[in-house]
C-alpha cells in the first residue's frame with residue numbers, strides 16, 4: 001500500500017507531466033481543489049481554483065512553444081511536496097536550418113500542499129530567463 005506522502009508526490013508528477021507537458025487541461029479539476037490558492041510572487045499573481053490554474057497553464061503553454069517542465073528533485077512529508085523544476089521551450093530552428101533545440105525559460109521551486117489527493121495551495125519561487 002502506498003503512503004499518503006508517496007501518493008501526493010505521484011499526484012504532483014502527474015500534474016506536471018499530464019497538464020503542463022501534455023496539455024491535458026481536463027485533468028485540472030481532478031487534481032486541483034475548488035478552493036485552491038496558488039501564490040506566484042515573481043509575477044505578483046494569486047491563482048484561485050481550477051479555473052485560475054487552467055488560465056495560468058494555458059498562458060504559459062501559449063507563451064512558450066514546446067513547453068516542457070522537468071522535475072529535477074522532489075521531497076515530500078505528510079501533506080506537502082516540494083518540487084525543484086526546470087522549464088524549457090523550443091528555440092529557433094526549422095525548415096532549412098538545424099532542428100530547434102531546448103532552451104531554459106524558467107527554473108523554480110514549488111511547495112504544494114495536498115488534501116485528499118488534490119492541490120489546495122502552493123507557493124512558487126522562480127527565475128525566468130531571457131532568450132540568448
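Nothing in this text is a laboratory measurement; each read-out follows from the coordinates by a stated rule. Computed from a predicted structure; not experimentally measured. Don't worry about glycine lacking a Cβ; one is built from the backbone with ideal geometry, like all the others, and counts go over all protein chains shown.
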Once you put a point 7 Å from the Cα of residue 35 and another 7 Å from the Cα of residue 82, both along the Cβ direction, what distance in nm separates them? 2.6
Stokes-Einstein D for the stretch 4-128 at 37 °C, 0.692 mPa s, Kirkwood Rh over Cα pairs, in µm²/s? 220
With Cα coordinates, the longest principal axis of the chain makes an angle with the long axis of helix 4-14, in degrees rounded to 10, of 30
Can you give the angle from 0 to 90° between the axis of helix 49-63 and the longest principal axis of the chain, with both taken from C-alpha atoms, to the nearest 10? 10
Tell me, what are the semi-axes, in whole angstrom and largest first, of the equivalent ellipsoid of the stretch 1-70 as set by the roots of 5 times the Cα gyration tensor eigenvalues? 21, 16, 11
